[in-house]
Amino acid sequence: MNELIVSVSGLRGIVGKNLTAQVVRDYARAFSEFVKQGKVIVGRDGRYHGAEISRTLVESLSLSGCDVIDIGVCPTPTIQLAVEHSDAAGGIAVTASHNPMEWNGLKFINSEGIFLDEHENEILRSFLNSDHKYEPLGAGKIVSDELPVRDHIRRVLAIKMIDVEKIRKRGFNVVVDCVNAAGTFIVPELLNEFGCGVIKINCEPTGKFQRKPEPLPENLTELMNRVHKEHADLGIAVDPDVDRLVLITEKGEPFGEEYTIAQAVKFVLLKIPEEKRIAVVNLSTTRAVDVIANQLHGKIYRSKVGEINVVKKMKEVDAVIGGEGSGGVIFPEVHYGRDAIVGIGLVLQHLVDFGGTLSELKSSLPKFEIVKKKIVLDSQNPDEVVHEIAAHFRTDSSVSLNYEDGLKIDGLDFWIHLRKSNTEPIIRVVAEASTREEAEMLAERVLNIAREL
């Protein structure tokens with residue numbers, strides 16, 4: 001892959017190949033114009049090459065006239081919080097999220113501590129492509145600040161729904177895998193504040209991943225084995241920039257990344273009056289959240305895939321909880337952004353209130369199975385492929401079709417979501433049903449339609 005991946009989530013690339021120092025300098029200059037030479041907060045996810053990228057970014061922002069606060073290695077949500085609760089005009093996270101170790105990238109944050117939306121990204125890119133070169137009156141100041149990580153922990157401990165003393169009395173034993181990245185300090189420290197016994201895996205701040213960084217079950221075998229061996233109450237895994245939370249039960253089994261948000265929705269809705277029980281998830285998130293909300297006389301709204309889309313919908317409908325099925329929990333009492341640190345606090349309190357084990361909590365939730373596949377395109381037009389797939393389902397009166405974000409096929413006891421990639425010649429296919437076999441059959445049905453075109 002020779003091209004930078006540029007999307008509403010920022011940009012990502014392979015360091016030294018398509019993500020170069022010049023690219024970083026160009027984006028720093030463009031962002032300085034976007035924030036009108038205001039103060040910028042910069043942090044990074046801990047990848048071993050991130051220090052050099054961050055240094056180039058900070059220096060370039062300063063030379064473009066911005067004062068810069070460098071908060072070092074920290075979660076992306078920590079940067080968002082720091083921007084929101086300061087006079088900063090914006091922030092930049094140096095991260096490639098769950099991409100492999102040789103990747104890095106930049107995520108851009110507005111003055112509210114929220115990722116740029118499509119319109120704001122267009123403005124940023126217009127500065128990037130502009131011939132106009134702003135001449136600052138002088139270089140901005142550069143200061144370092146490590147307090148935002150402590151502030152992040154403090155804000156989680158202060159969540160109104162959380163009773164810190166009750167969690168401490170429960171005395172959870174937890175195994176954590178922070179993939180040697182930004183969660184290395186903050187996750188164990190938060191658990192210590194909650195009175196948990198902590199066993200660490202991949203919690204050395206080297207920035208060199210000892211497992212694949214995406215917290216999928218196949219990448220977490222060491223964590224699962226260790227939870228079982230240590231007779232721990234649960235296991236916790238995060239991705240490099242700590243916006244995704246994945247749980248392992250006391251049996252050493254995956255809780256399911258879709259169920260991170262499902263249990264969070266149940267916990268939060270149970271804590272508030274009926275009339276305020278509103279949650280938002282994206283179109284690819286498990287139907288379990290709908291069943292939970294219905295049982296609790298709540299309301300689920302759905303948005304296009306992408307954190308900023310979920311956040312905008314949450315603000316529109318005044319949701320009390322939101323997120324995505326990849327392990328992302330958004331809790332606006334703390335801030336509008338996916339946050340594994342917040343998610344940890346909520347699940348520990350949920351376990352205290354529930355009174356049982358994590359596997360028992362999982363058993364109490366509606367059961368669905370999700371399968372993810374991809375249609376690899378040769379010369380086919382992706383829009384035509386999606387159109388043909390829709391035609392196969394259109395005659396079924398029990399099925400509804402939604403074109404808000406690709407194609408969502410909603411049946412009585414299943415759904416299928418198709419979205420074309422903006423960076424690869426593929427169409428992503430997500431299918432959910434009551435059993436894995438049914439979900440596999442649904443996904444395969446869609447793939448077979450595409451193969452016959």
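Quick notes on this structure:
- The chain, relative contact order [Cα under 8 Å, separation at least 6], %: 12
- Between S397 and L270, the distance separating the two model label sites (each 7 Å from Cα on the Cα→Cβ line) works out to 4.1 nm.
- Gyration tensor (alpha-carbon) shape descriptor, the range 5-145, a/c threshold 1.5: rounded
- Amide N proximity, the range 419-451 versus D378 label position 7 Å along Cα-to-Cβ, cut-off under 14 Å: 450-451
- Highest mean first, the peptides 189-201, 351-363, 168-180 sorted by other C-beta atoms within 10 Å per residue fall in the order 168-180, 189-201, 351-363.
- Members of K251/K304; K107/K420; K36/K373; K36/K160; K166/K299; K208/K373 lying beyond 32 Å, as alpha-carbon distances in this model show: K251/K304; K36/K373; K36/K160
- Separation in nanometres of the label points that stand 7 Å from Cα toward Cβ, at E404 and T423: 2.5
- Within the chain, percent of DSSP bridges classed antiparallel, to nearest 5: 60
- Mean separation of Cα contacts under 8 Å (6+ apart) over length of the range 369-451, as relative contact order %: 37
- Spin-label pair R125/E102, simplified geometry with 7 Å Cα→Cβ offset, distance in nm: 2.7
- Estimated FRET transfer efficiency (Q22, D145; beta-carbon r; R0 30 Å; 0.05): 0.60
- Here the range 236-352 is assigned +1 on the Cβ of each Lys and Arg and -1 on the Cβ of each Asp and Glu. Its dipole about the Cα centre then comes out at about 380 debye.
- Cα centroid separation, the range 48-101 to the range 351-421: 35 Å.
- Here the peptides 157-165, 413-421 are ranked by packing, the mean other Cβ count within 10 Å, and the order with the highest first is 413-421, 157-165.
- Charged-residue dipole, Cβ positions (Lys, Arg, Asp, Glu), the chain about Cα centre, Debye nearest 20: 560
- Note: relative contact order over the range 257-363, using C-alpha pairs below 8 Å and six or more positions apart, is 29 percent.
- Per-residue ellipticity at 222 nm, computed for the chain from helices alone with -39500 (n - 2.57) per DSSP H run of at least four residues, works out to -11500 deg cm²/dmol.
- Stretched out straight at 0.36 nm per residue, the stretch from R445 to L296 would grow longer than its current Cα-Cα span by 50.2 nm.
- FRET efficiency, 1/(1 + (r/R0)^6) with R0 51 Å, evaluated for S111 and E218 via beta carbons: 0.80
Readers should treat all values here as calculations from the given coordinates under stated rules, not as data from a laboratory. Here the structure is a predicted model, which means the values were calculated and not measured. Cβ sites come from the backbone with ideal geometry, for glycine too, and all protein chains shown count toward neighbours.
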